[in-house]
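A short worksheet on the structure shown next.
The values are calculated or read from the model by the stated rules, or taken from the named source; none is laboratory data. Given the structure is predicted, the values throughout are model-derived calculations rather than measurements. Cβ placement follows ideal geometry from the backbone for every residue including glycine, while neighbour counts extend to all protein chains displayed. SASA here: full protein model, heavy atoms, side chains in, ligands and nucleic acids out. Shrake-Rupley method; radii C 1.70, N 1.55, O 1.52, S 1.80 Å.
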Amino acid sequence: MKNIKLSHRLLSLLVLPVAFLAGVSLFSQPTSAADLPDYRLQISPSQADLGQLKPGSTYTGAFAVQNTGTKPYKFTAEVVPYSVSDTDYDPLFDFPSDYTQLTEWVTFSSESDTVQPNSSVEVNYTVKVPKNAPAGNQNAAIAVTMDVEPGSGVNTLQRVAFIMFSNVEGTTTKKGSVTSNKVPGFVFSAPLKATSTVRNDGNVYLPATYLLEVRNFFNNSLEYSNSTYQDGKEVIPNYVIFPDTNRYTETIWEDAPSIGIFKVKSVVKIFDEESVVEKTVIICPLWLIIVIVLFIGLAVFWIISRIIGRRNR
């Protein structure tokens, strides 16, 4: 009977840290709005998917150069090559290749202009595709640089890029694969993160989709999904994969709780290839694991001590 009472006490001690942690709410501290800077350059949108381009065709579009500072400034624009490096897709703007011939096809309405505070200037661009344009992916960027008057006190160069990518019609190869798709089985602290790498071995850019679903382990209710619904259709986040590259991507549940057991599914799809990983994931802080192990160790030690004590009587 004493053993039963002691077991109940030990169980209560084990449950207390969990109950305490489950009842704690973390509140973000309010932050004061930063003062607006004198000069700040933005563009909207930041990129354009030109889609399928036909040799000999012409395409037009526009983007806005925005001034969210308090003083006017001039800006200049130029067309530069655009490519990426490494699996993290760090942008490169100074390395022409067979996939950056689009740079030679782009012209825009004005190479320089002035934008007033809290306003924007529209920049129109035209893409004239040559009749002998090579089939496959083509990329370029319009680099916009802030040109501040001397003596303004601005020491840092502000430069942003409007990125364009497209596929030219013709003889193309669509070939890609999901080389990794991983979900951790144990997480010590939020966020919960699924990682993947996608390879493009073709000559066209392609979108890969990344779906992350998290369900409660006990009642199967949906706790999180990174997909949304628009007009009744599910929209799954996607990223562009350029030819001859590997892209590493992290799909994250930022607001994952501090403790819990979940059924997690990560689905990465490129062309007709789909990689699905389903795993039970435990989220538990390291300190709580240490506490539980110590309590279990104490319980085992106590039980062994009692057994030895009885034998010695």
Those residues of region 48-99 which are β-branched (V, I, T), within 19 Å of V144 (Cβ to Cβ) and not in a loop (DSSP other than H, G, I, E, B), in sequence order: T60, V65, T76, V79, V80
Any chance S109 is among the small types (G, A, S) and loosely packed, with under 12 Cβ neighbours inside 10 Å: no
Taking region 112-142 as the region of interest, how many residues are hydroxyl-bearing (S, T, Y) and either open to solvent by 40 Å² or more (accessible area, probe 1.4 Å) or in contact with an Asp or Glu (Cβ under 9 Å, 6 or more places away or on another chain) (or both)? 4
Would you confirm whether or not region 202-209 contains a residue that is open to solvent by less than 80 Å² (accessible area, probe 1.4 Å), among the aromatic types (F, W, Y) and closer than 30 Å to A135 by Cβ? yes
Against the conditions (1) modelled with pLDDT of 95 or more; (2) over 23 Å from the mean Cα position of the chain (by Cα); (3) open to solvent by 30 Å² or more (accessible area, probe 1.4 Å), where does V168 fall short? Just the number, please. (3)
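Tally time: how many residues in region 252-275 are assigned to a strand (DSSP E or B) and either out of contact with any Lys or Arg (no Cβ under 7 Å at 6 or more places or on another chain) or in contact (Cβ under 8 Å) with a residue 60 or more places away in the chain (or both)?
15
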Where a residue in region 59-71 is more than 14 Å from R40 (Cβ to Cβ) and its partner, wherever it lies, is among the aliphatic types (A, V, I, L, M) and part of a loop (DSSP other than H, G, I, E, B), with Cβ under 9 Å and at least six apart: Y59/V129
When the residues of region 42-88 are narrowed to those that are out of contact with any Ser or Thr (no Cβ under 7 Å at 6 or more places or on another chain) and of a type in the set (K, R), which ends up surrounded by the most Cβ atoms within 10 Å (Cβ to Cβ)? K71
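Which ones in region 187-201 are open to solvent by 70 Å² or more (accessible area, probe 1.4 Å) and at pLDDT 95 or above?
To start, the set of residues in region 187-201 that are open to solvent by 70 Å² or more (accessible area, probe 1.4 Å) comprises 188-189, 193.
Within region 187-201, just K193 meets the criteria.
So that you can scan it fast, the table gives a plain yes or no per residue for (1) over 21 Å from the mean Cα position of the chain (by Cα); (2) buried (at least 16 other Cβ atoms within 10 Å of the Cβ); (3) of a type in the set (S, T, Y):
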| site | (1), (2), (3) |
| --- | --- |
| Y248 | no, no, yes |
| V264 | no, yes, no |
| E278 | no, no, no |
| C284 | yes, yes, no |
| L288 | yes, yes, no |
| L294 | yes, no, no |
| I303 | yes, no, no |
| R306 | yes, no, no |
| R311 | yes, no, no |
Tell me, please, whether a residue that is closer than 30 Å to S177 by Cβ and among the small types (G, A, S) can be found in region 265-273. yes
Failed condition for Q230, given (1) in contact with a Cys (Cβ under 8 Å, 6 or more places away or on another chain); (2) exposed (fewer than 13 other Cβ atoms within 10 Å of the Cβ), with all others met? (1)
Index of the failed condition, N132 passing every other in (1) out of contact with any strand residue (DSSP E or B) (no Cβ under 6 Å at 6 or more places or on another chain); (2) part of a strand (DSSP E or B): (2)
Quickly run through region 206-222 and pick out the residues that are in contact with a strand residue (DSSP E or B) (Cβ under 6 Å, 6 or more places away or on another chain) and at pLDDT 95 or above. A208, T209, Y210, L211, L212, E213, V214, R215, N216, F217, L222
Can you tell me which residues in region 182-197 are within 18 Å of Y89 (Cβ to Cβ) and of a type outside the set (A, V, I, L, M)? K193, T195, S196, T197
Has region 144-155 got any residue that is on the phi > 0 side of the Ramachandran plot, touching a Ser or Thr at 6+ places or on another chain (Cβ under 7 Å), in contact (Cβ under 8 Å) with a residue 60 or more places away in the chain and surrounded by 15 or more Cβ atoms within 10 Å (Cβ to Cβ)? no
Residue list for region 174-198, restricted to those being of a type in the set (G, A, S), more than 11 Å from L212 (Cα to Cα) and within 17 Å of the chain's Cα centre (by Cα): S180, A190, S196
